[in-house]
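Report on the structure given below.
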Amino acid sequence: MSYVGIVLISHSPKVVEGIEDIIRQVIKDVPIELAGGTDEDEIGTSIEKIQTAIDKAYSDKGVLLMYDLGSAKMNAEMAVEMSDMENIKIAEAPLLEGSYVAAVESGMGKSLEELVAALEKGF
Amino acid sequence: MDIFQVGHALEWMAKTNEKVQDNKEYLTSLDQAIGDGDHGINMARGFEEVMKKINGVAYQHVADVMKDVAMTLMSKVGGAAGPLYGTAFLKLSMTFKGSEVDNASFSKGIEDALNGVKQRGKADVGEKTLVDVWTAVANAFRENKGFGGEVILQAAKSAMEDSKDIKATKGRAAYLGDRSIGHLDPGSVSSFYLFESLAEVINEGA
């Protein structure tokens, strides 16, 4: 069974590592990839890291991107625009709580659209 | 100046880099007042990488220079300035592609870049962002039929200075609300360096 992949994007590598730990306590099978910090692991975001994470998290059910602050979204949008793959969406929800809900929903075999709908309803 | 050439584009970037490096601490202090304090460091790193990328390359067209600048800024600037300036230069590259860059073409490029930045940042004029300076410069280009260094410089300068009295409603400073009033917008100041450099290139280039 394939699951919707989830990419966690934050200005800080530590933030996404921590969120992954919290989710992995419960959800084991859903692909989760991290794009935290700049290329030098400083505070900021990196289009390249986001692109790599999308490629790794991608399944035939698609990928959902979760982000923290303004410029993370801009870089996420650019990574999506530059990607050849379809079926990528950016969620509008708090990074930690939203990612947790998304992972749970994905683990139940829900579609990308259903994940987005659950997040829109929940936050 | 009738046609903006590859040499002018390279000179534009070299001058911008100089100003950004010279004012790295100043940009950072502006950003520490109302943002996350990394604008000087990010812009200095970004333009240092731009110079490494474009130095010694035998460019055939201004559009190719603009594209390399765009890609470098996107990947090397960690803050919001990366995607915003990256988008601006990418739009310039797309508009300039395939023809000589005369004043009309440059004017169209600035307009397209401004629209790209607005769309990327979901921002409009008057929100205390670099959009304010780019809007003023786009207007100056539209009203001026030839390349006018002084007109561009004054438009950018007054828009940059005006950013001080605006309350931020976009960007990190928006979290501060009224407390953002009385501080210059760091992005407007870095955009001013960009256009001050462009004005110098236009004034010097015959």
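The values are calculated or read from the model by the stated rules, or taken from the named source; none is laboratory data. For clarity, every value in this text was computed on a predicted model and none was experimentally measured. Don't worry about glycine lacking a Cβ; one is built from the backbone with ideal geometry, like all the others, and counts go over all protein chains shown.
Here are the numbers:
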quantity: Qualifying residue in the range B:56-78 (condition: crowded, with 18+ Cβ neighbours inside 10 Å, of a type in the set (Phe, Trp, Tyr) and either out of contact with any helix residue (DSSP H, G or I) (no Cβ under 6 Å at 6 or more places or on another chain) or touching a residue at least 12 places away in the same chain (Cβ under 8 Å) (or both)); calculated: no
quantity: Where B:Leu92 falls short, out of the listed (1) in a loop (DSSP other than H, G, I, E, B); (2) within 16 Å of the chain's Cα centre (by Cα); (3) among the hydrophobic types (A, V, I, L, M, F, W, C); calculated: (1)
quantity: Criterion violated by B:Asn144 - all others in (1) modelled with pLDDT under 95; (2) within 14 Å of chain A (Cβ to nearest Cβ) satisfied; calculated: (2)
quantity: Residue within the range B:181-188 that is over 17 Å from the mean Cα position of the chain (by Cα), of a type in the set (A, V, I, L, M, F, W, C) and farther than 18 Å from B:Ala81 by Cα present; calculated: yes
quantity: Sole residue being in contact with a strand residue (DSSP E or B) (Cβ under 9 Å, 6 or more places away or on another chain) and either closer than 21 Å to B:Gly98 by Cα or of a type in the set (A, V, I, L, M) (or both), chosen from B:Ile54, B:Ile34, B:Ile3, B:Ile41; calculated: B:Ile3
quantity: Meets criteria (within 12 Å of another protein chain (Cβ to nearest Cβ), among the small types (Gly, Ala, Ser) and either part of a helix (DSSP H, G or I) or closer than 20 Å to A:Met82 by Cβ (or both)) for B:Gly78; calculated: yes
quantity: Options A:Leu65, A:Leu95, A:Leu115; residue that is away from chain B (no Cβ under 14 Å), touching an Asp or Glu at 6+ places or on another chain (Cβ under 7 Å) and within 18 Å of A:Val16 (Cα to Cα); calculated: A:Leu95
quantity: Members of the range B:1-45 that are crowded, with 20+ Cβ neighbours inside 10 Å, aliphatic (A, V, I, L, M) and within 16 Å of the chain's Cα centre (by Cα); calculated: B:Ala9, B:Met13, B:Val20, B:Leu27, B:Met43, B:Ala44
quantity: Search result, residues across the range B:179-188 that are buried (at least 23 other Cβ atoms within 10 Å of the Cβ) and part of a helix (DSSP H, G or I); calculated: B:Ser180, B:Pro186, B:Gly187, B:Ser188
quantity: Inter-residue pairs, beta-carbon under 7 Å, first within 12 Å of B:Met74 (Cβ to Cβ) and in the range A:47-61, second surrounded by 19 or more Cβ atoms within 10 Å (Cβ to Cβ) and of a type in the set (Ser, Thr, Tyr), 6+ apart; calculated: A:Ile47/B:Ser75; A:Glu48/B:Ser75
quantity: Verdict on A:Ser71 being in contact (Cβ under 8 Å) with a residue 24 or more places away in the chain and within 14 Å of chain B (Cβ to nearest Cβ); calculated: yes
quantity: Any helices (runs of 4 or more DSSP H) falling wholly within the range A:22-123 and containing at least 2 residues that are surrounded by fewer than 20 Cβ atoms within 10 Å (Cβ to Cβ) and at pLDDT 95 or above; calculated: A:47-57, A:95-107, A:112-122
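Per-residue answers, yes or no, for (1) at pLDDT 95 or above; (2) surrounded by 22 or more Cβ atoms within 10 Å (Cβ to Cβ); (3) among the acidic types (Asp, Glu):
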position	(1), (2), (3)
B:Lys91	yes, yes, no
B:Met94	yes, no, no
B:Val101	yes, yes, no
B:Ser105	yes, no, no
B:Glu111	yes, no, yes
B:Asn115	yes, no, no
B:Lys118	yes, no, no
B:Gly126	yes, no, no
